[in-house]
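The values are calculated or read from the model by the stated rules, or taken from the named source; none is laboratory data. Given the structure is predicted, the values throughout are model-derived calculations rather than measurements. Neighbour counts run over all protein chains shown; Cβ positions are idealised from the backbone, glycine included.
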Amino acid sequence: MTPKDVPNPAAGLVVRRAEPGEVEAVLDPVVKLAKASATAACWSREALYPYVATGEAGGVLQAKAIFLACANPSAGGAAAVAGDRPLGMVDGMVGFAAFSTIMTVGAGESTLENMAVAGPWQKQGIGGRLLSAGLLWCRAQAAARVFLEVRESNRAAIALYERAGFSVVGNRPGYYREPLEDGLQMRKVLGLVARSG
């Protein structure tokens, strides 16, 4: 598939949080997408499981979430439940972003742990939409800051993060393997939002 064969993502792309009941449907497509990416961390099913299998934080001090970008979610017989948000449709997954947060009153911290967009779907704003969804979740978890690491050579990702308000705060020599490369640590300061519930 070439970029010209990819439909306009605005016409049918949905970015949403993976639900705990979808754990088995989500694990393999996310692992496959991460392995196909030149820049994403290649997680095992076991490492990915906590990002999908947990619901709301419910008083715990750490939470994890994964956001999915699914193309044409109404195709393939996906049922719409809970309003118009389709659940259970991951066959059209073209991207994901995994976040974690440690909640501390007034000083919680979140991390963008992993993110990938399938090659033919890149440069269409999907990474930005995944990042925005995750940042909203981080705010809802009372995170004051969000951190991430990115390969020093990944100029497209660095530009995306800078547009979203991240800035470089450190260098991690030899942080990445295969190939060995330095990582940049980036940070975004969030405005505080009171947690509901």
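Would you check if Trp121 is surrounded by 15 or more Cβ atoms within 10 Å (Cβ to Cβ), in contact (Cβ under 8 Å) with a residue 60 or more places away in the chain, out of contact with any Leu (no Cβ under 9 Å at 6 or more places or on another chain) and under 24 Å from Trp43 (Cα atoms)?
no
Among the residues in the range 169-177, are any in contact (Cβ under 8 Å) with a residue 12 or more places away in the chain and within 18 Å of Gly108 (Cα to Cα)?
yes
Here's the yes/no breakdown for (1) part of a helix (DSSP H, G or I); (2) touching an Asp or Glu at 6+ places or on another chain (Cβ under 9 Å); (3) at pLDDT below 85; (4) under 23 Å from Leu160 (Cα atoms):
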| residue | (1), (2), (3), (4) |
| --- | --- |
| Glu22 | yes, no, no, no |
| Pro50 | yes, no, no, no |
| Glu56 | no, no, yes, no |
| Ala63 | no, yes, no, no |
| Val90 | no, yes, yes, no |
| Ala97 | no, yes, no, yes |
| Thr104 | no, no, yes, no |
| Glu109 | no, no, no, yes |
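Within the range 20-38, how many residues turn out to be free of Cβ contacts under 8 Å to residues at least 12 places away in the same chain and of a type outside the set (Asp, Glu)?
Adding up the residues that qualify gives 3.
Given (1) under 20 Å from Trp43 (Cβ atoms); (2) surrounded by fewer than 24 Cβ atoms within 10 Å (Cβ to Cβ), identify the lone condition not met by Ala140.
With (1) under 20 Å from Trp43 (Cβ atoms); (2) surrounded by fewer than 24 Cβ atoms within 10 Å (Cβ to Cβ) applied to Ala140, the lone miss is (1).
Scan the range 145-167 residue by residue and report those that are assigned to a strand (DSSP E or B), out of contact with any helix residue (DSSP H, G or I) (no Cβ under 8 Å at 6 or more places or on another chain) and modelled with pLDDT of 95 or more.
Phe147, Glu149, Ser167
Can you pull out the residues in the range 1-20 that are closer than 22 Å to Gly119 by Cβ, assigned to a loop (DSSP other than H, G, I, E, B) and modelled with pLDDT of 85 or more?
If the condition is that a residue be closer than 22 Å to Gly119 by Cβ, assigned to a loop (DSSP other than H, G, I, E, B) and modelled with pLDDT of 85 or more, then Ala18 is the only one that fits.
(1) over 28 Å from Pro29 (Cα atoms); (2) aromatic (Phe, Trp, Tyr); (3) surrounded by fewer than 20 Cβ atoms within 10 Å (Cβ to Cβ): which one isn't true of Phe166, the others all being true?
If we test Phe166 against (1) over 28 Å from Pro29 (Cα atoms); (2) aromatic (Phe, Trp, Tyr); (3) surrounded by fewer than 20 Cβ atoms within 10 Å (Cβ to Cβ), just (3) comes out false.
Looking at the range 111-132, which of the residues that are part of a strand (DSSP E or B) and hydrophobic (A, V, I, L, M, F, W, C) is farthest from Ala97 (Cα to Cα)?
Only one residue fits best here, namely Val117.
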